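Student: Handing you this structure, nothing more for now.
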Amino acid sequence: MKRYINTFAFMLLLALSACKVSKDIETPKPALPVAFRNAPTASDTTSIADIQWKNFFTEATLQKLIDSAIVNNYDMQIAVKNIEASQLLFKQVKWNYTPQVNLNVTASTNRPSDNSLNGLSLSTFGVGTKHIEDYSANLGLSWEADIWGKIRNQSKTALAQYLQTNEAKKAIQTNIVAGVSQGYYNLLMLDEQLTIAQKNVKLNDSTLRIIRLQYDAGQVTSLAVQQAEAQRLAAAQLVPQFEQNITIQENALRILTGALPDRIERSNTLSNIQITENLPSGLPSAIVSRRPDVKSAELALNIANAQVGIAKANMYPSLTITASGGVNSFKASNWFNIPASLFGTVAGGITQPLFNRKKLKTQFEVAKVDREKTVLQFRQSVLNAVGEVSDALVTIEKLKTQQAIAANRVTTLQQATGNANLLFRNGLATYLEVITAQGNVLQSELEVASIKRAQLSAVSNLYRSLGGGWK
């Protein structure tokens, strides 16, 4: 009885000391500002990232494109398959706690040498045969006690890896939502710029006709005709360029949605899309839970911490319990003679690594270094996320100012172009003044369209940077 008590006390001591092998570390708190730089209101805790993407991007054609991309995009489908594989592995790890059971059925015959111990024994006891037969059927059981938490840490690793695949899917969807919206806005900008170029070509045609009439009347030289023609060709050259870019952008959007390259029907124009004002960014502290990439980095820390526990547990003794039971006989005729053929064995063993302890110690130290690296990577991901939000906020703010200035410049140049044409027809302005005014208004109108697209793209980028788009 005393022997059993000592054994139980030893096992209890091992179990109680298990928690000392590897202690979970808390997720480090990264340095975060009270509010994002350039945020409109520092005290506002709400964020546009909490809005579902269908409520944030309300344009019908854009919603259809995003819907199609989320369902059909191949990166998204691969992410779903990764989740399925990770889920299967996570479920499999749970079985590590259960014993391993194997069914063994063997039949063997052996003809020993007449001069061997077995051969001499057969001759001495007059068995009447020179063969030794053995028939066995048994169930073998093996179970390793999770004294040091190795299996528990394996389960933690599998769970964190499974959750990482979910975060990867969220990150892909976030990028898809932002990418499709930015591509769509770029397509509308190209439509607008194509219209501007075509309109400017017609304006240059009108100017060129007037200059040719003046040339026929001897009022201007051939240089005026050539310069007017060159101005018209410069505007006309933009038309096929924009048409090419439109086709390429349409193809890119179609591929992003998992479809073959084709035309994209659209019922809206860039000028009709309104830019949302006063976009709340919320508090920087919430970005850790919203951003899928930051959350994935946090889960990577859980994995690294579990790997430290596994590496340290490998340095300690492992307790393995084995058992085997079944039927065994030297003759096939009474193989299953019950209970005479029954047998059973139970054994327990403790294995302590000795000569490879240095190797296991090195693996443990490397695991701790990897954990420290993961902490740094987590902090870096948070820092990058805060920086992306701040960049998006200042971009939106400064583009708004640029758009106002550019719009005023277009208005002024349009008036100047009208005045120049009027004065030119009345002989009060030269053809160079008309050509210059038309060239300036073309570039200004194209720039306004570009700034409008940049504003919409910056809003999409802010939505993505805050962690929106996966809900």
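Student: Quick check: from the Cα gyration tensor, does the range 176-295 come out rounded (a/c under 1.5), prolate or oblate? Kindly include the intermediate steps, with their values, before the conclusion.
Tutor: Details: a/c = 4.01, a/b = 2.56, b/c = 1.57.
Cα axes put the range 176-295 in the prolate bin.
Student: Calculate one ³J(HN,Hα) per residue across the range 214-219 by plugging θ = phi - 60° into the Karplus curve 6.51 cos²θ - 1.76 cosθ + 1.60, and present them in order as whole Hz with x for glycine and proline.
Tutor: Running phi through 6.51 cos²θ - 1.76 cosθ + 1.60 with θ = phi - 60° gives 5, 5, 5, 7, x, 7 Hz.
Student: Residue by residue, what Karplus-based ³J(HN,Hα) values in Hz, rounded to whole numbers, does the range 67-74 have, using 6.51, -1.76 and 1.60 with θ = phi - 60° and x for Gly and Pro?
Tutor: Result, rounded to whole Hz: 4, 5, 5, 5, 7, 9, 4, 6.
Student: Per 10 Å bin from zero, what fraction in whole % of the C-alpha pairs of the chain is there, up to the bin with the longest pair?
Tutor: 4, 13, 15, 14, 13, 11, 9, 7, 5, 4, 3, 2, 1, 0
Student: Taking only the C-alpha atoms, wrap a convex hull around the range 249-335 and report its volume per residue in Å³ as a whole number.
Tutor: On the way: hull volume 30.9 nm³, N = 87.
So the per-residue hull volume is 355 Å³.
Student: What angle, in degrees between 0 and 90 and rounded to the nearest 10, separates the Cα long axis of helix 357-425 from the longest principal axis of the Cα atoms of the chain?
Tutor: 10 degrees
Student: Quick one: length gained pulling I132 to I275 fully straight, 0.36 nm per residue minus the C-alpha distance? All intermediate terms of the calculation are to be shown ahead of the outcome.
Tutor: Values: separation 143, 0.36 × 143 = 51.48 nm, distance 9.10 nm.
Result for the pair: 42.4 nm of gain on full extension.
Student: With +1 assigned to the C-beta of every Lys and Arg and -1 to the C-beta of every Asp and Glu, and no other charges, what is the dipole magnitude of the chain about the Cα centre in debye, to the nearest 20? Walk me through the numbers before you get to the answer.
Tutor: Values: 47 positive and 35 negative charges, 353 e Å.
Computed about the Cα centre, the dipole is about 1700 debye.
Student: Decide, for the range 132-192, between rounded, prolate and oblate: order the square roots of the alpha carbon gyration tensor eigenvalues as a ≥ b ≥ c, take rounded if a/c falls under 1.5, and otherwise choose prolate if a/b is larger than b/c, else oblate. Mind dumping the intermediate values first?
Tutor: Numbers: a/c = 11.14, a/b = 3.22, b/c = 3.46.
Verdict is oblate for the range 132-192.
Student: Rounded to whole Å and ordered largest first, report the semi-axes of the equivalent ellipsoid of the range 293-379 derived from its Cα gyration tensor (root of 5λ).
Tutor: Working: eigenvalues 478, 61, 14 Å².
One finds semi-axes of 49, 17, 9 Å for the range 293-379.
Student: Continuing with this model, one more query. Which of the lysines could a cross-linker bridge to K361, judged by Cα under 19 Å and excluding same-chain residues fewer than eight apart?
Tutor: Counting by Cα, and skipping residues close in sequence, K361 has these lysines nearby: K20, K23, K150, K312, K373.
Student: I would also like to ask the following. Calculate, in nm to one decimal, what T98 and F355 gain on full extension: separation in residues at 0.36 nm each, minus their alpha carbon distance.
Tutor: Working: separation 257, 0.36 × 257 = 92.52 nm, distance 2.95 nm.
Contour length minus Cα-Cα distance gives 89.6 nm.
Student: What is the distance, in nm, between label points placed 7 Å from the Cα along the Cα-to-Cβ direction at R379 and at Q414?
Tutor: 5.4 nm
Student: Using a cut-off of 27 Å between alpha-carbon atoms, which lysines can reach K199, once sequence neighbours fewer than 8 places away in the same chain are excluded?
Tutor: Excluding near neighbours in sequence, the set is K400, K452.
Student: Evaluate the charge dipole of the range 163-241 about its Cα centre and quote only its size in Debye, nearest 20, assuming +1 on the Cβ of each Lys and Arg and -1 on the Cβ of each Asp and Glu. Could the numbers behind the result be given before it?
Tutor: Values: 7 positive and 6 negative charges, 16 e Å.
Using Cβ point charges on Lys, Arg, Asp and Glu, the range 163-241 gives about 80 debye.
Student: Related question: Rounded, prolate or oblate: which one fits the range 45-86, using the alpha carbon gyration tensor with axes a ≥ b ≥ c (rounded when a/c is under 1.5, else prolate when a/b beats b/c, else oblate)?
Tutor: oblate
None of the figures in this text is laboratory data; all of them are computed from the coordinates on show. The structure displayed is predicted, hence computed values, not measured ones. Cβ atoms come from the backbone with ideal geometry, glycine included; neighbour counts cover every protein chain shown.
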